[in-house]
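What follows is a short report on a single structure.
Read the figures in this text as sums done on the coordinates, not as results from a lab. Bear in mind the structure is a predicted one, so any value in this text is a computation, not a measurement. We place every Cβ from the backbone using ideal geometry, glycine too, and count neighbours over all the protein chains shown.
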Amino acid sequence: MQISSTIPFSDWTPLNDTIMGGASQSNCEPLSNGLLLKGFLIEENGGFVSCRSPVLEPPLDLSPFKGIEVKIDGYGRTLKFAISCKTQFMNFMPDFYDRIKWVAEFKTQKNGTSIIRLPFEKFQPTIRTRPVTSNMDFRVNHVNQFQLLYSKFGMAGKANESFLQGPIQILLRCLSAYI
């Protein structure tokens, strides 16, 4: 299943640290060979840029698959991939569950295209950069949004060792779910 053919890259939008007072800027530009995340990172008061898909309605059922495969030109950076899931609890506690993202971190090679497989069991529930410790299931049968992030924070709020402020360019060539 090619996710990129189900979710056209032309509908992806940037989400940057400006939502929390930062000054980083980026754009998502669909190209014939993928989605270009291009911009300028400023560490102070934030330190992240990202691109995200539109909210998918109805949600995707990825339960027949083991994970997400990312083909990306990341130029040696450590990136994060986030998935949002519609949950059965959203009606009871929407402010809490709307903010949860299932996140996996991955490193890219300095040259060429990295092909990364992210098994669903490696994704961790987080709110912003903080892990969520309550016992909850990753509902891969209710996936409603994808996001690619480059941040000064790695997993569990720790520093991203590959973080560099300044210009950034990342080419997301393809997303697919794999069996």
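Some observations on this one:
- Computed helical MRE - 222 nm, the chain, DSSP H runs ≥ 4 contributing -39500 (n - 2.57), nearest 500: -500 deg cm²/dmol
- Vicinal HN-Hα couplings computed from phi for the range 71-81 (Karplus, 6.51 cos²θ - 1.76 cosθ + 1.60; Hz; Gly/Pro x): 10, 8, 9, x, 6, x, 7, 9, 10, 10, 10
- Residue-wise HN-Hα coupling along the range 25-30, computed from phi with Karplus coefficients 6.51, -1.76, 1.60 (Hz; x: Gly, Pro): 10, 8, 9, 10, 10, x
- Couplings 3J(HN,Hα) of the range 140-146, computed from phi: 5, 8, 9, 6, 10, 6, 10 Hz, in residue order, whole Hz [Karplus 6.51 cos²θ - 1.76 cosθ + 1.60, θ = phi - 60°; x for Gly and Pro].
- Amide H contacts for Cys51 (H built 1.01 Å from N in the peptide plane; partners 5 or more residues away or on another chain; cut-off under 5 Å): Leu15, Leu148.
- Each label was represented as a point 7 Å from its Cα along the Cα-to-Cβ direction; for Asp11 and Lys122 these points are 2.7 nm apart.
- Dipole check for the chain: with +1 at the C-beta of Lys and Arg, -1 at the C-beta of Asp and Glu, and the Cα centre as origin, the magnitude is about 400 Debye.
- Cysteines having no other Cys beta carbon under 4.7 Å from their own, within the chain: Cys85, Cys174
- Computed packing ranks the peptides 70-77, 47-54 as 47-54, 70-77, most packed first, by mean other Cβ atoms within 10 Å.
- The convex hull defined by the C-alpha atoms of the chain has an orientation-averaged projected area of 9.7 nm².
- With a simple spin-label model that places each label point 7 Å from the Cα along the Cα-to-Cβ direction, the separation between Tyr178 and Ala156 comes to 2.6 nm.
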